[in-house]
Amino acid sequence: MKSIVVLIISALMILPTMIFGQTLKIEDIYIRDPFIVADKSKGVYYMYGSLSQKGSKGQTLGGVAAYKSKDLKNWEGPQQVFVVPENNWITGGVWAPEVHEYKGRYYLFATINSEIEWQKRRKDWANFTHRGTQIFHADSPEGPFKPFGVTPHTPLDFMALDGTLWVEDGTPYMVFCHEWVQVTDGMMDVVELAPDLSKPVGQPIRLFCASAAPWAPEERKNYVTDGPFLYHTKSGKLLMIWSSFSKDGYAIGTAESATGKIIGPWIQHPDPLFNSNGGHGMIFSAFDGRLCIVFHQPNSPGGAERAHIYEIEDTGNNLIVKGKIQ
């Protein structure tokens, strides 16, 4: 579960120590929801995280920074690659930035927030605020990323987050989370995208709810969906890793499409992939051929969050977390 206030406070605690263009160890970089692009043509890894900037009127504008590395240990940055346009539908902090290469161009999936209260479902719950995923485009993984328009790719009446790209039979889709604050039992949805990713096509379809996971505690009053990422195993199975809360804290679970297609139906694996207060993971291949997962840990306030990289094994039927790389 995320909190705008917590993230802003954490960022303010860390940002004064940052020097643009410096080289940092991965353990020195504060980051939540890390996303890594391995650019083999350049021999460079890009790791993306949130970094806000000041607008022309002194207001805070959400943004995204990239760190660059050749060895996954030492990272140069942060380099600002995106700032939310001042005329955007909302302009607050960015969560969970992802960058995907698609048809020779690069696309930033950014969840943008507002502190403007919309509704309140229950007195003891967080406020509804405007939140949604919007897609931006660039010619380079280093940006600058530009908008298609001023509105999100998720429905305006959804409190939505954590959009990710999936391409199936030549058709692009965005999988995203429908926030628990609005629906109680967080949902995982999918919507088709236009061929150039400029807009959604049709209406979202529900894939599953968070409570479907056997490892989700039955006594919870709400169920969180976070951080979907899709992966085809070597035997052709379609898996989705995603995050929620188990009895032991923030965790990464695995769902499997029974049909091998994005539409599912989706079956939840009985045990979490990772269950030690870390999550919102994504999968990438290192230059040496190892399959890796990166996620933030711990899932705690106060600026302690760091990117952790583990090697994982693709068994064909499942994924297994092996030793830590970084």
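The values are calculated or read from the model by the stated rules, or taken from the named source; none is laboratory data. Please read these numbers as outputs of a predicted model, since none were measured by experiment. Every residue, glycine among them, receives a Cβ derived from its backbone with ideal geometry; neighbour counts consider all protein chains shown. Note: accessible area is taken over every heavy atom of the protein model, side chains too, but ligands, DNA and RNA are not part of it. Shrake-Rupley method; radii C 1.70, N 1.55, O 1.52, S 1.80 Å.
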Using θ = phi - 60° and Karplus 6.51 cos²θ - 1.76 cosθ + 1.60, couplings along the range 307-322 (whole Hz; Gly, Pro as x)
7, 10, 10, 10, 6, 10, 10, 9, 7, x, 9, 7, 10, 10, 6, 9
So, over other residues within a Cβ distance under 11 Å of residue 245, counting Lys, Arg +1 and Asp, Glu -1, the net charge is 0
Roll a 1.4 Å probe over the protein heavy atoms and report the accessible area of residue 32 in Å², nearest 10.
30
Descending packing, highest mean Cβ count within 10 Å first, for 40-49, 179-188 is 179-188, 40-49
Which entries of 146/247; 40/199; 103/234 show an alpha-carbon separation above 31 angstrom in the structure shown?
146/247
Given all pairs of different Cα atoms, what value in angstroms does the Kirkwood hydrodynamic radius of the chain take?
19.7
Whichever lysines have a C-alpha closer than 18 Å to that of residue 25, once near sequence neighbours (fewer than 8 apart) are set aside:
68, 70, 73, 324
Rounded to the nearest 500, the 222 nm mean residue ellipticity computed for the chain from DSSP H runs (n ≥ 4, each -39500 (n - 2.57)) alone is -1000 deg cm²/dmol
With a 1.4 Å probe and all protein chains in place, put 199, 68 in order of accessible area, largest first.
199, 68
Rounded to whole Hz and in sequence order, give me ³J(HN,Hα) for the range 54-69 from the Karplus expression 6.51 cos²θ - 1.76 cosθ + 1.60, θ = phi - 60°, writing x for Gly and Pro.
8, x, 5, 9, x, 7, 7, 10, x, x, 9, 10, 10, 10, 10, 8
Taking 7 Å along the Cα-to-C-beta vector as the label spot, tell me the residue 198-residue 258 distance in nanometres, rounded to one decimal.
3.9
Check residue 269: other-chain or 5+ apart residues with amide H under 5 Å from its amide H, H built from backbone geometry?
254, 255, 256
Round to the nearest 10 and report in Å² the accessible area of residue 274, as given by a 1.4 Å probe over the protein chains' heavy atoms.
20
